[in-house]
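Here is the structure we will look at, set down as structure tokens.
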Amino acid sequence: MSPWDELPVRDELRGKSPYGAPQLDVPVRLNTNENPYPLPEPLVERIVERVREAARNLNRYPDRDAVELRTELAKYLTKTGKYAVGVENVWAANGSNEVIQQLLQTFGGPGRTAIGFEPSYSMHGLISRGTGTGWISGPRNEDFTIDLVAAEKAIAENRPEVVFITTPNNPTGNAVPPETVLALYEAAQAAKPSMVVVDEAYIEFSHGDSLLPLLEGRPNLVVSRTMSKAFGAAGLRLGYLAAHPAVVDAVQLVRLPYHLSAVTQATALAALEHTDTLLGYVEQLKAERDRLVAELRAIGYDVTESDANFVQFGRFDGSAGSHEAWQKILDRGVLVRDNGVPGWLRVSAGTPEENDAFLDAVRELKKDLEQEQSA
Ligand SMILES: *Cc1c(COP(=O)(O)O)cnc(C)c1O
């Protein structure tokens, strides 16, 4: 028996694996959907200035309600989302993972359930378990779109308190049509009043618009966002949500006092002063994403339509095949992601040079696989 077996760990956590994208030291890392561009120097300077100011007051607790930060986030959403939100509609936390955790602590918990349509973002299920919320894995079609009839049936049968819809979806990359989100919202409300959380972590990379306007007249809808991807600030740890003010009030019941440090608030405010520059990188990454899709198809891979800063490609021979392909790409110095979707791998859009290195690696891999087949 290992000491693990003797720890009085909660039953629902026993035997589960923690979130664990490998952090390997290889030349080209395209496995966690980070923005490959470091922050521009003027922004780095501005962060230092704002953090220096904040440092003078570190003897005091930070603004518990992060009012200045939420005001600026609301302005950003209003400017880019085709829908006006105010500070009362916005809440922020340490990454959208913490936003999701606070939502599940508020609306999920023991005796309650949450549903997601898998394959999707694994943290929705993991945080559900961590908060004692039962997890229901809903279905998708072969092409990774949401099977609406089956999804509505799963909602009607299970009557979950929380419904997760990730759009654009991770790891598959495809966006969910607004009509599908609306139909699932209706289905969820018909089953019992439940919260529908639209995870828009990648929305800035989408060909389509944010679903923020759907908040109008839908008090049980939440749109969650992050500065980790489009803003190129994964190290900052800042996520946020937009919803009816009642939702923002409700999550106050579970948030830890002073959860957002003064340093985090100062850094995020500095980044929000530079949204124009940061979103300039997004345009480059979208072009690189489209290039990856086109070149992967030209090489002969299957590719799932992508509205995100990453691309799902395959098909390999089941789970063993995708793992073997992952290793062979890694052997060529490129780290991609094996999300456990049998037959598929995911690559994040990097700089043009990184993407070229990746494309060279998968071109060679394709030749290897074809030789193996004809042997
Ligand atoms: C990366 C990602 C997040 C972001 O998490 P942070 O905690 O904000 O870094 C949230 N949702 C999805 C679907 C993601 O892929």
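The numbers here are math on the coordinates, done by the rules we state, and not lab data. Because the structure is a prediction, the values reported are computed rather than measured. Reconstructed Cβ throughout: ideal geometry from the backbone, glycine too, with neighbour counts over all protein chains shown.
Can you compute the FRET efficiency between residue 12 and residue 32 using 1/(1 + (r/R0)^6), with r the Cβ-Cβ distance and R0 = 25 Å? Round to the nearest 0.05. Write down the numbers at each step before the final one.
Values: r = 26 Å, r/R0 = 1.06.
For R0 = 25 Å, the calculated efficiency reads 0.40.
Where does the chain land at 222 nm, in deg cm²/dmol rounded to the nearest 500, when only DSSP H runs of n ≥ 4 count, each adding -39500 (n - 2.57), divided by all residues?
Working: 12 runs with 160 residues, N = 375.
Calculated mean residue ellipticity at 222 nm is -13500 deg cm²/dmol.
Roughly what % antiparallel, to the nearest 5, for the DSSP beta bridges in segment 59-273? Don't skip to the end; give the middle numbers.
Numbers: 10 of 26 bridges.
So the antiparallel bridges in segment 59-273 amount to around 40 percent.
Once fully extended, how much extra length lies between residue 21 and residue 372, figured as 0.36 nm per residue of separation less the alpha-carbon to alpha-carbon distance?
Working: separation 351, 0.36 × 351 = 126.36 nm, distance 2.91 nm.
Here the answer is 123.4 nm.
Return the percentage of antiparallel bridges among DSSP beta bridges fully within segment 94-193, rounded to the nearest 5 %.
Details: 1 of 8 bridges.
Expressed as a percentage, antiparallel bridges in segment 94-193 total about 10.
If you bin the C-alpha pair distances of segment 33-80 every 5 Å from 0, what whole percents do you get?
5, 15, 13, 20, 25, 16, 6, 1
What does the convex hull of the alpha-carbon atoms of segment 57-98 project to on average, in nm²? Present the calculation step by step, with values, prior to reporting the outcome.
Details: hull surface 14.6 nm².
Mean projected area of the Cα convex hull: 3.6 nm².
Can you tell me the length gained on complete extension of the stretch residue 315 to residue 294, counting 0.36 nm per residue apart and subtracting the Cα distance? Can you show the working numbers first?
Working: separation 21, 0.36 × 21 = 7.56 nm, distance 1.57 nm.
Here the segment from residue 315 to residue 294 would lengthen by 6.0 nm.
How much length is gained if the chain between residue 305 and residue 360 is pulled fully straight, taking 0.36 nm per residue apart and subtracting their Cα-Cα distance, in nm to one decimal?
Working: separation 55, 0.36 × 55 = 19.80 nm, distance 2.13 nm.
Separation in residues times 0.36 nm, less the Cα-Cα distance, equals 17.7 nm.
Just tell me which lysines come within less than 23 Å, Cα to Cα, of residue 192; anything on the same chain fewer than 8 places away is out.
153
Convert each backbone phi in segment 100-117 into a coupling constant with the Karplus relation 6.51 cos²θ - 1.76 cosθ + 1.60 (shift: θ = phi - 60°), then list the ³J(HN,Hα) values in order as whole Hz, x for Gly and Pro.
Whole-Hz 3J(HN,Hα) from phi for segment 100-117: 5, 4, 5, 5, 6, 5, 7, 10, x, x, x, x, 10, 10, 10, 10, x, 10.
Sort 21-27, 262-268 by the packing proxy (mean of other Cβ within 10 Å over each peptide's residues), most packed first.
Details: 21-27: 10.7, 262-268: 22.1.
So the peptides 21-27, 262-268, ranked by packing, come out 262-268, 21-27.
Using +1 at the Cβ of each Lys and Arg and -1 at the Cβ of each Asp and Glu in segment 53-178, identify which of 103, 76, 55 lies farthest towards the dipole's positive end.
55
Restricting everything to alpha-carbon atoms, can you work out Rg to Rh for segment 143-188 with a Kirkwood hydrodynamic radius?
0.95
If you plug each phi of segment 26-38 into the Karplus form 6.51 cos²θ - 1.76 cosθ + 1.60 with θ = phi - 60°, what whole-Hz ³J(HN,Hα) values come out, in order, with x for Gly and Pro?
Each residue's phi maps through the Karplus curve to give 10, x, 10, 10, 10, 10, 10, 6, 6, 7, x, 8, x Hz.
Sorted from largest to smallest, which semi-axis lengths in Å does the alpha carbon gyration tensor of segment 158-268 give for its equivalent ellipsoid, taking the root of 5 times each eigenvalue? Each step should come with its number before you reach the end.
Details: eigenvalues 122, 77, 25 Å².
Taking √(5λ) for each eigenvalue gives 25, 20, 11 Å, largest first.
Does segment 1-117 come out rounded, prolate or oblate by the C-alpha gyration tensor, with a ≥ b ≥ c the root eigenvalues, rounded set by a/c under 1.5 and, if not, prolate when a/b is larger than b/c and oblate if not?
Values: a/c = 1.75, a/b = 1.40, b/c = 1.25.
Cα axes put segment 1-117 in the prolate bin.
For residue 302, which sequence-distant residues (separation of 5 or more, or a different chain) have an amide H within less than 5 Å of its own amide H, given hydrogens modelled in the peptide plane?
Distant-sequence amide H within range of residue 302: 314, 315.
Restricting to segment 181-315, what percent of DSSP beta bridges are antiparallel, rounded to 5?
Values: 7 of 11 bridges.
Around 65 percent antiparallel, to the nearest 5.
From Cα pairs below 8 angstrom and at least 6 apart in sequence, can you work out the relative contact order of the chain, rounded to a whole percent? Before the final figure, lay out the partial values.
Values: 673 pairs, mean separation 80.6, N = 375.
That works out to 21 percent.
Please work out the C-alpha center-to-center distance from segment 32-70 to segment 211-256 and express it in whole Å.
When both Cα centres are located, 19 Å separates them.
Between segment 261-319 and segment 78-95, how far is it from one alpha carbon centroid to the other, in angstrom?
Between the Cα centres of segment 261-319 and segment 78-95 lies a distance of 22 Å.
Between residue 55 and residue 252, take the C-beta separation as r, use R0 = 35 Å, and let me know the FRET efficiency to the nearest 0.05.
Numbers: r = 27 Å, r/R0 = 0.78.
After rounding, the FRET efficiency stands at 0.80.
Mind pulling the per residue volume of the convex hull built on the Cα atoms of segment 59-273? Å³ is fine.
On the way: hull volume 24.2 nm³, N = 215.
It is 112 Å³ per residue.
If amide hydrogens are placed 1.01 Å from N in the peptide plane, which non-local residues have theirs closer than 5 Å to the one on residue 199?
Residues meeting the criterion, in which the H sits 1.01 Å from N, are 165, 166, 167, 224.
Report the charge-dipole magnitude of segment 59-273 in Debye, nearest 20, computed about the Cα centre from +1 at each Lys and Arg Cβ and -1 at each Asp and Glu Cβ.
Details: 17 positive and 22 negative charges, 106 e Å.
Once rounded to the nearest 20, the dipole reads 500 debye.
Hey, rough spin-label estimate for residue 48 and residue 277, points 7 angstrom out along Cα→Cβ, what's it come to in nanometres?
Between residue 48 and residue 277, the simple spin-label model gives 1.3 nm.
Would you calculate the volume per residue, in Å³, of the smallest convex hull containing every Cα atom of the chain?
On the way: hull volume 61.0 nm³, N = 375.
Dividing the Cα hull volume of the chain by its residue count gives 163 Å³.
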